[in-house]
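What follows is a set of notes on a single structure, which appears directly below.
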Amino acid sequence: VTPHAHVTVAPPGSPSYRITVGAGLLDRLDSVLDEHGFTGRRVVVSSQTVWKALGDRLREGLGDVEPVLMADGERHKHMGTVGRLYDGLLRAKVDRGTVIVAVGGGVVGDTAGFAAATYLRGLQLVQVPTTLLAQVDSAVGGKVGVNHPLGKNLIGAFHQPRAVIADPLALRTLPRREFRAGLYEVVKYGAIASPTLFDGIRRNLKLIFARTEDTLVPIIAECCAIKAGVVERDEREQGERRHLNFGHTVGHALEAITDYRRFRHGEAVGYGMLAAAKLAVARRAMSQPDHDALAELIAAMGPLPPVGDLSVKAALDAVRRDKKVVRGTLHFVMPIGIGRVEVESDVSEGELAAALDAIGLQG
Ligand SMILES: NC(=O)c1ccc[n+]([C@@H]2O[C@H](COP(=O)([O-])OP(=O)(O)OC[C@H]3O[C@@H](n4cnc5c(N)ncnc54)[C@H](O)[C@@H]3O)[C@@H](O)[C@H]2O)c1
Ligand SMILES: [Zn+2]
């Protein structure tokens, strides 16, 4: 029997839905969708890259489908691509009863999800995430959207999926760096909410890197359960949902000052978690041993791109411009211990500067 796990998400304002994590789900996607109770027509939206990597298995699982393919990569995550998706949906004669099945990483999920949220004022959406990041993060929670030339994810909507179907076997073809980038978000879940998950990652690192499904299924499911719990309690990011931003204040700043080219998002979050832990130790919110455990696990994921040429000042400027600064107040996610964080609004620029210096940026 292949390993399987289910997580139910009940967002306050939308119908509840199921996340199914299991090895081999892609090879029988049609019957999985039947089992979820979808009777209507299905239109698959994916990307050239994903279709090349997984098309054989998807054709097996879906029959001879004609997918609507979009260009992949962060630089195609914009309204022009959404417009082309509308064209494709029109050509495919998509109507109100059609289910959009988004198969791909976070870029496909966010872009196709936004098209689904807006086409005919909203179509049912099934997310079939194929990167680790998408399986543990972007496919869950209902945020969809695209970038604007002036900033990331500025155009968007909340559109909860009707189901999420995650197959860890899809991750076999993922480039190693993409897989690792997703792992930093997995570490994040452990760090904010679950010492058990955190220790599980530590103990099973070899099996995780071997991408064994028996190891990955429970880990992916636990990450989804943590995110689902947070989203249920705070769908629109007023309070607890901010915990998911652990490591993201500094992470986003590092991405922004390198024009989103140097780091995969997860890698920047790796640095961000490290900086947050250093800041927390400096104000005695976190113990040195907890800091060390987090730093060691991040180091065990492998080398991160260099930051020695980046300036503390440029990073601070970027933090000030970030969305997480609401009316001049930075809501900083402070690690308190492994599995516990708190949101603090009294973090000074001096403290942030010291933490950036401590992770290696230039003073
Ligand atoms: N909506 C949310 O809540 C949320 C949360 C986190 C991140 N995001 C968004 O997610 C995006 C990043 O997603 P990502 O990390 O999945 O990157 P991605 O979608 O760009 O995918 C990374 C690369 O892997 C390829 N790929 C995907 N699946 C593959 C597979 N199975 N085998 C081989 N190659 C495969 C893609 O073609 C792409 O080149 C960002 O745009 C980010 O803003 C959204
Ligand atoms: Zn993230």
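The values are calculated or read from the model by the stated rules, or taken from the named source; none is laboratory data. Small disclaimer: the values here were computed from a predicted structure and weren't measured. Heads up, the Cβs are rebuilt from the backbone with ideal geometry, glycines too, and the neighbour counts pull from every protein chain shown. Note: accessible area is taken over every heavy atom of the protein model, side chains too, but ligands, DNA and RNA are not part of it. Shrake-Rupley method; radii C 1.70, N 1.55, O 1.52, S 1.80 Å.
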**OP:** Could you pull the Rg and Dmax for the chain, using just the Cα atoms, both in Å?
**Re:** 19.9, 60
Original post:
Label GLU240 and LEU205 with points 7 Å out from Cα along Cα→Cβ: what is the distance between them in nm?
Top reply: 3.1
**OP:** Would you please name the trypsin sites (Lys or Arg not before Pro) within segment 267-363 that are DSSP coil residues with at most 10 other C-beta atoms within 10 Å of their C-beta?
**Re:** ARG284, ARG327
**OP:** Could you name the aspartates and glutamates whose alpha carbon sits less than 13 Å from that of LYS188, not counting residues in the same chain fewer than 8 places away?
**Re:** ASP137, ASP199, GLU222, GLU267
**OP:** Could you tell me which of VAL82, GLY61, PRO168 has its Cα farthest along the dipole of the chain towards the positive end, charges placed at Cβ (Lys, Arg +1; Asp, Glu -1), taken about the Cα centre?
**Re:** VAL82
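Based on the Cβ-Cβ distance of ALA10 and ASP95, what FRET efficiency does E = 1/(1 + (r/R0)^6) give at R0 = 22 Å, to the nearest 0.05?
Rounded to the nearest 0.05, the efficiency is 0.20.
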Original post:
What are the radius of gyration and Dmax of segment 1-51, computed over its Cα atoms and given in Å?
Top reply: 13.2, 36
Original post:
With every protein chain present, what accessible area does ASP259 have (1.4 Å probe, heavy atoms only), rounded to the nearest 10 Å²?
Top reply: 100
Original post:
So how strong a dipole does the chain carry about its Cα centre when Lys and Arg Cβ are +1 and Asp and Glu Cβ are -1, to the nearest 20 debye?
Top reply: 560
Original post:
How big is the antiparallel share of DSSP beta bridges in the chain, given as a percent to the nearest 5?
Top reply: 45
**OP:** Express the Stokes-Einstein translational diffusion coefficient of segment 212-363 in µm² s⁻¹, to the nearest whole number, given a Kirkwood radius over alpha-carbon pairs, 25 °C and a viscosity of 0.890 mPa s.
**Re:** 153
Original post:
Amide H to amide H, which residues 5 or more places from GLN124 or on other chains are under 5 Å from it, using H placed in the peptide plane?
Top reply: ILE100
**OP:** About the Cα centre of segment 287-338, how large is the charge dipole given +1 on each Lys and Arg Cβ and -1 on each Asp and Glu Cβ? Please answer in debye to the nearest 20.
**Re:** 500
Original post:
Beyond 28 Å, what percent of the Cα pairs of segment 114-267 remain?
Top reply: 20
Original post:
Which whole DSSP H helices in the chain pass both tests: a Cα extent of 15 Å or more along the axis and a mean Kyte-Doolittle value no lower than -0.5?
Top reply: 79-91, 106-118, 176-193, 213-233, 265-282, 288-300
Original post:
Hey, with R₀ at 56 Å, roughly what FRET efficiency would SER311 and ARG172 work out to, going by the Cβ-Cβ distance, to 0.05?
Top reply: 0.90
Subject >> Candidate aspartates and glutamates for bridging to LYS93, where Cα separation is under 18 Å - those fewer than 8 sequence places away on the same chain excluded >> reply: ASP64, GLU66
**OP:** Could you work out how far apart the two model spin labels at ASP34 and ARG320 are, taking each label as a point 7 Å from the Cα in the direction of the beta carbon, and quote it in nm?
**Re:** 6.1
**OP:** Go through LEU25, ALA191, LEU207 and say which Cα lies farthest out towards the positive end of the charge dipole of the chain; charges sit on Cβ, +1 for Lys and Arg, -1 for Asp and Glu.
**Re:** LEU25
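Charges only on Cβ, +1 for Lys and Arg, -1 for Asp and Glu: so what's the dipole of segment 308-363 about the Cα centre, in debye to the nearest 20?
Computed about the Cα centre, the dipole is about 280 debye.
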